Amino acid sequence: MDRHEFKQKVIDFAHTIGIDEIGFTHAEPFYEFKEKLIDYYKKGYASGFETGTVEERTEPKRSLESAESIISIAVGYPNKLPDAPKSRRGERRGMFARSSWGVDYHTLLRRRLTALEDFIKEQAPEVECKSMVDTGVLSDREVARRSGLGFTGKNGFIINPNLGTWSYLGEMLVSFPFPPDEELIDSCGDCNICVDRCPTGALIGDGQLNSQKCISFLTQTKGYLKDEYRSKIGNRLYGCDTCQQVCPRNKGINTTHDDIVLEPEILKPELTGLLEISNKEFKETYGHLAGVWRGKKPIQRNAIIALAHFKEISAVDTLKRVAENDPRPMIKGTAYWAIGRILGSGALDYINERFKIETDSEVKEEMLKGIQEQTEI
């Protein structure tokens, strides 16, 4: 089959199954990216969620020995939430990042990649394929960049002319030599808004990110959140969209798909309702979201911090029950900390009394920490 004709057939089919953008590149190693990746690890910027060795992440044929090409796909996702409930005193709400709206994007992309793979094999049964979504060893963004889907912005996202940064990315290794697309030559120019507006200074300014400082990463960790970041996460339960929200290239873009169903009450949930929710109810209500892949513990910790951020007095009774009854030290400690932050010196008697009962050293440290700015025990 003619390479160009086959490529056009794949493109045309892709657009019928909800793939917004598709690009093609060769399967040779990512030499420049390898150097950047080594530097990224040396500087301690890695999140720890990355998969694979440097070689596996930069040499596609280690994943599929017969690979001749890589197909990169982008599916746009919405960034506007119609009928979003208001966060008001007595009913404070948290927020899931937009990448977690609707069905888990891993599922959404795999459906499309599977359909695309089936189509390719119908046309050419001998072709071998291997798809990856986020958890694969290749860098989705680097594959997309080399495939011509966009350029790397200063915020590290791939910026596509039609989708901006609001897109899910995935790729497929194939043993067919599709004609590669040209890389998109563009840049952020003098614009530095995302770097300047990053709440924690996690953006380096050259497209690199220090994951250890990134709120999106921090909201997914399971332990105590470092003190210097607690005032930064606001009401974020999972992820952070600041560097995308301020990007001028995203102006006027809001892509929607029928299989991305928006649920306002779930995506912007009431915070206190999250604190005592059972495992079963949590899974039934939030289990389909990509943002809960680490379980309910980080979400509950972030909800407690958000209540402290709002200084939500109406949540104190709930926080006390959590502090006194939750078996997990980190959740107990964070709840005590939040009580101190909300009530200040008004929490002294309560904290003093509970301090005599609690035995975990880290919990006791959090109890003192919450009110130390106002007074000393």
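The values are calculated or read from the model by the stated rules, or taken from the named source; none is laboratory data. A quick note: this is a predicted structure, and the numbers were derived from the prediction, not measured. No Cβ is skipped: glycine too gets one built from the backbone with ideal geometry, and neighbour counts run over all protein chains shown.
When Arg341, Arg354, Arg321 are screened for being closer than 23 Å to Thr285 by Cβ, among the charged types (D, E, K, R) and either free of Cβ contacts under 8 Å to residues at least 60 places away in the same chain or in contact with a helix residue (DSSP H, G or I) (Cβ under 8 Å, 6 or more places away or on another chain) (or both), only Arg321 passes.
A search for C-beta distances below 8 Å between a residue of the range 17-32 that is under 19 Å from Phe119 (Cβ atoms) and any residue that is among the charged types (D, E, K, R) and not in a loop (DSSP other than H, G, I, E, B), counting only pairs 6+ apart in sequence or on different chains, returns Ile17/Arg112; Gly18/Arg112; Ile19/Arg112; Phe24/Lys7. Pick from Ser131, Ser187: which is of a type in the set (S, T, N, Q), outside any loop (DSSP other than H, G, I, E, B) and more than 24 Å from Lys80 (Cα to Cα)? The conditions single out Ser131. Considering the range 205-220, the residues that are modelled with pLDDT under 95 and out of contact with any Gly (no Cβ under 9 Å at 6 or more places or on another chain) include one that is surrounded by the fewest Cβ atoms within 10 Å (Cβ to Cβ), namely Asp206. Residue count for the range 268-290, restricted to those that are without any contact (Cβ under 8 Å) to a residue 40 or more places away in the chain and surrounded by fewer than 22 Cβ atoms within 10 Å (Cβ to Cβ): 11. Restricting the range 291-304 to residues that are of a type in the set (A, V, I, L, M, F, W, C) and either touching a strand residue (DSSP E or B) at 6+ places or on another chain (Cβ under 6 Å) or closer than 11 Å to Thr272 by Cα (or both), the residue that is surrounded by the most Cβ atoms within 10 Å (Cβ to Cβ) is Ile304. Mind listing just one residue for me: the one in the range 40-70 that is in contact (Cβ under 8 Å) with a residue 40 or more places away in the chain and charged (D, E, K, R) and, of those, nearest to Thr135 (Cα to Cα)? Going through the qualifying residues, I end up with Arg57.
Conditions tested, residue by residue: (1) of a type in the set (Gly, Ala, Ser); (2) within 26 Å of Gly164 (Cα to Cα).
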residue: Gly18; (1), (2): yes, yes
residue: Leu37; (1), (2): no, yes
residue: Lys42; (1), (2): no, no
residue: Gly52; (1), (2): yes, no
residue: Ile73; (1), (2): no, yes
residue: Pro82; (1), (2): no, yes
residue: Gly90; (1), (2): yes, no
residue: Arg110; (1), (2): no, yes
residue: Thr114; (1), (2): no, yes
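A single entry from Ile22, Ile73 fulfils the requirement of being among the hydrophobic types (A, V, I, L, M, F, W, C) and in contact with a Gly (Cβ under 6 Å, 6 or more places away or on another chain): Ile73.
List the residue pairs whose Cβ atoms are under 9 Å apart, where the first residue sits in the range 80-94 and is surrounded by 14 or more Cβ atoms within 10 Å (Cβ to Cβ) and β-branched (Val, Ile, Thr), the second is assigned to a loop (DSSP other than H, G, I, E, B) and modelled with pLDDT of 95 or more, and the two are 6 or more positions apart or on different chains. Filtered contacts from the range 80-94: no entries. For the range 27-62, a residue qualifies if it is under 22 Å from Ile204 (Cα atoms), among the acidic types (Asp, Glu) and not in a loop (DSSP other than H, G, I, E, B), and the qualifying residues are Glu32, Glu35, Asp39.
Looking at Gly170, Gly148, Gly156, just one residue is in contact with a strand residue (DSSP E or B) (Cβ under 9 Å, 6 or more places away or on another chain), assigned to a strand (DSSP E or B) and of a type in the set (Gly, Ala, Ser), and that residue is Gly170.
Per this entry, Ser231 is not counted among residues that are at pLDDT below 95, out of contact with any Gly (no Cβ under 7 Å at 6 or more places or on another chain) and crowded, with 17+ Cβ neighbours inside 10 Å. Of all residues in the range 333-353, at least one satisfies being touching a Leu at 6+ places or on another chain (Cβ under 9 Å), among the hydroxyl-bearing types (Ser, Thr, Tyr), surrounded by 23 or more Cβ atoms within 10 Å (Cβ to Cβ) and at pLDDT 95 or above.
Out of all the residues in the range 291-314, which are in a helix (DSSP H, G or I) and more than 19 Å from Glu281 (Cβ to Cβ)? If the condition is that a residue be in a helix (DSSP H, G or I) and more than 19 Å from Glu281 (Cβ to Cβ), then Ile305, Ala306, Leu307, Ala308, His309, Phe310, Ile313, Ser314 are the ones that fit. Selection of the range 317-330 for residues being part of a helix (DSSP H, G or I) and either polar (S, T, N, Q) or surrounded by fewer than 19 Cβ atoms within 10 Å (Cβ to Cβ) (or both) yields Asp317, Thr318, Lys320, Arg321, Glu324, Asn325, Pro329.
For the range 203-223, the count of residues that are closer than 22 Å to Trp337 by Cα, among the hydrophobic types (A, V, I, L, M, F, W, C) and touching a Lys or Arg at 6+ places or on another chain (Cβ under 9 Å) is at least one.
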